[in-house]
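What follows is a set of notes on a single structure, which appears directly below.
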Amino acid sequence: MAATATVDLLARARGGDKRSIARLVSVVENDEPGAAEAMRALYPQTGRAQIVGITGPPGGGKSTLVNRLAGTYRERASRVAIVAVDPSSPFTGGAILGDRIRMRERFLDEGIFIRSMASRGHAGGLARATARVVNVLDALGTDVILVETVGVGQEEVDVIRVVDTVCLVTVPGLGDDIQAIKAGVLEIADVLVVNKADRPGADETARDLAQMLSLAKDRPWKTPIVRTSAQSGDGLPQLVDAIDKHRAWSRESGEYLERRRAAARSEVEALLQEALLRELAGRVGESRLAAAVARVAERSLDPYAAVEELLRG
Ligand SMILES: Nc1nc2c(ncn2[C@@H]2O[C@H](COP(=O)(O)OP(=O)(O)O)[C@@H](O)[C@H]2O)c(=O)[nH]1
Ligand SMILES: [Mg+2]
């Protein structure tokens, strides 16, 4: 994208034009030409949005909850964004007709921007693309950014690191599955949500979670457990309140800055790694690399010696 085109796009996106926001988000998400320039212009304006993560196993009601939260936050904020990072199910996946209709209302609301992230081919790619998208939305003046992700693997744990407050969603009757919620995921949860509390067993699940928390190592923040029904909206005010309390504590205790620093570090390190790799590839050259690889394949050179030789130049 030409420099002037990027400037125009930035201006329109800042004005709140949804199509321009979508285009800019795509440029940055996919690291298209113009991405670095846009980031440079936008970065000084980041750091204002409240970023909330909703994570947990598939089917727990995360999308339904996020949809509700977006509506709730929209009542007090002019711009809300939803970033759905769920490669396994699109944003509408599993939602019943009523949910779809409510979802459509959100789509029609000029103050709510919704983006589904495409999955990436390489490890760490999704987390970094999400960080870039969140930064852009933040810089464009979004007040609240809700990030939905499936809390299953390391990649998802990395994705959720970009947020200020992590809500982990579980449902009643998971039984042994609760044990399957990885200790690491429980550790990064700032708010525990027992959704589908309209179903039997919510109190037991809440008790099980409380017990698991009591076994975990002491943290200065006391993780609250909130019962919600994303379907009826019960417990939503309590959830918003818990998120707000965590935000206040986080700012006051310095946790917020610490997380921002950790996120900045992983972003810079990842870019540095890429840049070093590119530089090294240029220095080594494809023909020398190919020659060394051929010798390793023929067993006339071992891989360690090959690397040493290539680096020696
Ligand atoms: N009974 C009940 N069903 C819910 C609740 N929240 C979501 N669901 C339903 O659970 C299914 C999965 O919801 P979805 O939001 O797609 O879950 P996700 O995979 O975690 O994003 C859908 O059929 C929802 O309608 C709830 O609080 N109570
Ligand atoms: Mg979902």
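Laboratory data are not the source of any read-out in this text; all were calculated from the coordinates shown. Quantities reported herein were computed from a predicted structural model and do not represent experimental measurements. Cβ atoms come from the backbone with ideal geometry, glycine included; neighbour counts cover every protein chain shown.
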- Would you please give the FRET efficiency between Thr46 and Glu269, computed as 1/(1 + (r/R0)^6) with r the Cβ-Cβ distance and R0 = 22 Å, to the nearest 0.05? 0.75
- Rounded to the nearest 500, what is the chain's calculated 222 nm mean residue ellipticity when only DSSP H runs of at least 4 contribute -39500 (n - 2.57) each, over all residues? -17500 deg cm²/dmol
- Among trypsin sites (Lys or Arg not before Pro) in region 189-244, those in a DSSP loop whose Cβ has at most 11 other Cβ atoms within 10 Å are Lys217, Lys222
- Note on the structure: Under the 7 Å Cα-to-Cβ spin-label approximation, Trp221 and Asp198 lie apart by a distance in nanometres of 3.0 nm
- Message: Which of Ala290, Ala77, Ala49 ends up with the largest GNM mean-square fluctuation for the chain, with Cα atoms connected below 10 Å?
- Response: Ala290
- Message: Between Gly124, Gly282, Gly16, where does the largest GNM mean-square fluctuation fall for the chain, given springs only between Cα atoms within less than 10 Å?
- Response: Gly282
- Task: Specify whether the C-alpha gyration tensor of region 1-45 places it in the rounded, prolate or oblate class, a ≥ b ≥ c being the square roots of the eigenvalues: rounded for a/c under 1.5, otherwise prolate if a/b is larger than b/c and oblate if not.
- Result: rounded
- Taking the Cα-to-Cβ direction at Glu32 and at Glu252 and moving 7 Å from each Cα, how far apart do the two end points lie in nm? 4.5 nm
- Query: Roughly how many whole Å is it from the C-alpha centroid of region 257-289 to that of region 185-204?
  - Reply: 39 Å
- Task: Using θ = phi - 60° and the Karplus relation 6.51 cos²θ - 1.76 cosθ + 1.60, list the HN-Hα couplings for region 270-286 in order, rounded to whole Hz, with x at every Gly or Pro.
- Result: 5, 5, 4, 4, 4, 5, 5, 4, 4, 4, 5, 4, x, 6, 6, x, 5
- Query: In units of 2.2 N^0.38 Å, what is the alpha-carbon radius of gyration of the chain?
  - Reply: 1.13
- Note on the structure: Most exposed to least, judged by fewest other Cβ atoms within 10 Å, Leu236, Leu311, Leu137, Leu126 sort to Leu311, Leu236, Leu126, Leu137
- Note on the structure: From fewest to most C-beta neighbours within 10 Å, the residues Val147, Val194 line up as Val147, Val194
- Going from the fewest other Cβ atoms within 10 Å to the most, one would list Glu37, Glu148 as Glu37, Glu148
